[in-house]
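For reference, the structure is listed below as structure tokens.
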Amino acid sequence: MKIKKAVIPAAGLGTRMLPATKTVPKEMLPLVDKPVIQYIIEEAVASGIEDILIVTNRSKSAMDDYFDYYPELETRLISSGKEELAHVVRSVADMANIFYVRQKETQGLGHAVCRARRFVGDEPFAVLLGDDIMMSEKPVLLQLIEAAEKYSGSVVGVQQVSDKAISSYSSVKMRHIEGRVYEALDLNEKPTFQEKFSNFAVLGRYVLTPEIFDILEHTAPGRNGEIQLTDGLAQLCKISRMLAVDFEGRRYDTGNMKGFLEATVDFALQSPEVGPWLRDFIKRKAENL
């Protein structure tokens, strides 16, 4: 089982980040010196992905432009003696083979994944949610891909969350296999405390087999009247093997202001250009509080 294709659902309206996302796609908001979605694509490429489909909507053409060549800008940079910066600009467009399809109606994550059927064909594929940024030593998606290839099954990335937080995620019923790998036995979407299977929540990374498409196309709308990917996964794990990997790393939800600011600070502190300055700035600020 080799995974070379990935799908990034990025058609959401970004309502949790208004008014900034009224005209700027939330995936294009700058996280230090790169837009959010570039971190996701870099994770995919570092995990061995070659072809990426971004599911967009009519208001997100900025993503198409960003991952394209910009000869005029590159020429201006080179003529100004900024060859290194011109190389950085060009390399953004060369990271992977990037394709686009529109989700013409907002009908949920399951519906967005279905839009990738022709792109995926009969191959297993990865899904990386456009809001979820990971900071990890080994790419989180690679951790899932290694489990998928070793155990021959679909995989969801999970971590434990609090009793209060589990109602915002998908809860997973699991049986331990070895190390950080579990058998996924069932899932449910945004459960109440009484409904949860466990405090292990699915956090934005998946490796799926193409069987999911037939399931999703026959999945009735669930919570919020949308086709939920979790409802399809709950059926998929009944007919084929599904694993859950308690991945190593930290996940940031950049679709809300708190998560976006946390990611901005942590990634900036890791930057050799601004990290030392920011560390001193925070210390000075803390002393004056």
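Rule-based calculations on the coordinates, nothing more; no lab input. Predicted model, so just to flag it, every value in this text is computed and none were measured. We place every Cβ from the backbone using ideal geometry, glycine too, and count neighbours over all the protein chains shown.
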I'd like the antiparallel share, as a percent to the nearest 5, of DSSP beta bridges with both residues in the chain.
60 percent
Going by a ≥ b ≥ c, the root eigenvalues of the Cα gyration tensor, does segment 117-171 fall in the rounded group (a/c under 1.5), the prolate group (a/b larger than b/c) or the oblate group?
prolate
Output the pairs from Lys22/Lys60; Lys4/Lys173; Lys34/Lys60; Lys164/Lys190; Lys26/Lys60 with a Cα-Cα distance over 19 Å in this structure; if there are none, say none.
Lys4/Lys173
Build a GNM of the chain with springs between Cα atoms under 10 Å: which of Ser80, Ser162, Ser152 gets the top mean-square fluctuation?
Ser80
Report, in degrees rounded to the nearest 10, the 0 to 90 angle that the Cα long axis of helix 257-270 makes with the longest principal axis of the chain.
60 degrees
Sort Lys4, Lys104 by Cβ crowding within 10 Å, fewest neighbours at the top.
Lys104, Lys4
Please work out, to two decimal places, the log10 of the ratio I(q)/I(0) at q = 0.16 Å⁻¹ from a Debye calculation in which every Cα of the chain carries one identical scatterer.
-1.36
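Chymotrypsin sites (Phe, Trp or Tyr not before Pro) within segment 1-82: which are DSSP loop residues with at most 16 other Cβ atoms inside 10 Å? Walk me through the intermediate numbers first.
Values: sites: Tyr39, Tyr66, Phe67, Tyr69; in loops: Phe67, Tyr69.
Listed in order of number, the matching sites are Tyr69.
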Taking amide H positions as placed in the peptide plane 1.01 Å from N, state which residues far from Glu183 in sequence (5 or more) or on other chains have amide H under 5 Å from it.
Arg175, His176, Ile177, Ala244
Take the alpha carbon gyration tensor of segment 145-204, find the square roots of its eigenvalues, order them as a ≥ b ≥ c, and report rounded if a/c is under 1.5; if not, report prolate when a/b exceeds b/c, else oblate.
prolate
Using DSSP to call loops (not H, G, I, E or B), can you name the GluC sites (Glu not before Pro) in segment 211-283 whose Cβ has at most 14 other Cβ atoms within 10 angstrom?
Glu248, Glu273
For n ≥ 4 DSSP H runs only, could you compute -39500 (n - 2.57) per run for the chain, divide by its residues and tell me the 222 nm figure to the nearest 500?
-10500 deg cm²/dmol
Do any chymotrypsin sites (Phe, Trp or Tyr not before Pro) in segment 152-220 lie in a DSSP loop with no more than 11 other beta carbon atoms within 10 Å, and if so, which?
Phe193
